[in-house]
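Some notes on the structure that comes next.
The values are calculated or read from the model by the stated rules, or taken from the named source; none is laboratory data. Computed from a predicted structure; not experimentally measured. Counting neighbours? That spans all protein chains shown, and the Cβs are built from the backbone with ideal geometry, glycine included. All accessible areas refer to the heavy atoms of the entire protein, side chains included, with ligands and DNA or RNA removed. Shrake-Rupley method; radii C 1.70, N 1.55, O 1.52, S 1.80 Å.
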Amino acid sequence: MAKLRILTYPDPVLAKKAEPVGEITPEIAQLITDMVQTMYESEGVGLAAPQVGHSLRLITVDETGPKERARPMVILNPVFSDCTGVKESEESCLSLPTFLCTVKRSEFVTVRGTNEKGEAIEIKAEGLLAIILQHEVDHLDGKTLVDHASRLKRTMYASKVKKWLKD
Ligand code: NI
């Protein structure tokens, strides 16, 4: 197992639409294991493969967080159906240090995909889990919290990051 490096804004991989995952090769299985570990060790509740440099439709989620680690979930090729309700949530992202943004999300979602064994799964989620799933699937479509923010907020963050990169 290895902790992977998490890419941060404005890495171009984060802005790319990710490709579907095909067969679960030993490399993909290893990536899944490493992503779960990386998520926990980074104090995250979710991670998407593009965040660790793989433009693949693969996410890991555990809404119980790194202390409990009670509900790790792996979803390959996740697709939403039945998204209902509206909920505002304040979110942060491992790929956007210091950035906080209020996002409008669906309150209830159903996600279909496959698990790490290649079995079809369907997850009905609400609350925090529903929000995390929407946040992570955004990453697969090349979308991050900055894309949900106002133009002003986005510009300010971009110049802040530029300054960090210079220092
Ligand atoms: Ni994120």
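Compared with the direct C-alpha span, the chain from Ala15 to Glu41 gains 7.0 nm at full extension, assuming 0.36 nm per residue. In the chain, the DSSP-assigned H stretches of four residues or longer account for a calculated mean residue ellipticity at 222 nm of -9500 deg cm²/dmol, using -39500 (n - 2.57) per stretch and the full residue count as denominator. Simple rule: put +1 on each Lys or Arg Cβ and -1 on each Asp or Glu Cβ in the chain, find the dipole, and look at His139, Thr8, Thr33; the Cα lying farthest toward the positive end is Thr8. Rounded to the nearest 20 debye, the dipole magnitude of the chain is 780 debye, with +1 charges on Lys and Arg beta carbons, -1 on Asp and Glu beta carbons, and the Cα centre as origin.
The calculated FRET efficiency for Glu27 paired with Asp141, based on their beta-carbon distance and R0 = 30 Å, is about 0.80. Pairs exceeding a 21 Å alpha-carbon distance, out of Lys3/Lys67; Lys3/Lys166; Lys104/Lys124; Lys17/Lys153: Lys3/Lys166; Lys17/Lys153.
Per residue, the solvent-accessible area of the chain (1.4 Å probe, heavy atoms of protein chains only, all protein chains present) comes to 54 Å².
Figure legend: label point modelled 7 angstrom from the Cα of Glu122 along Cα→Cβ; residues of region 78-102 with amide N under 20 Å from it are 78-85.
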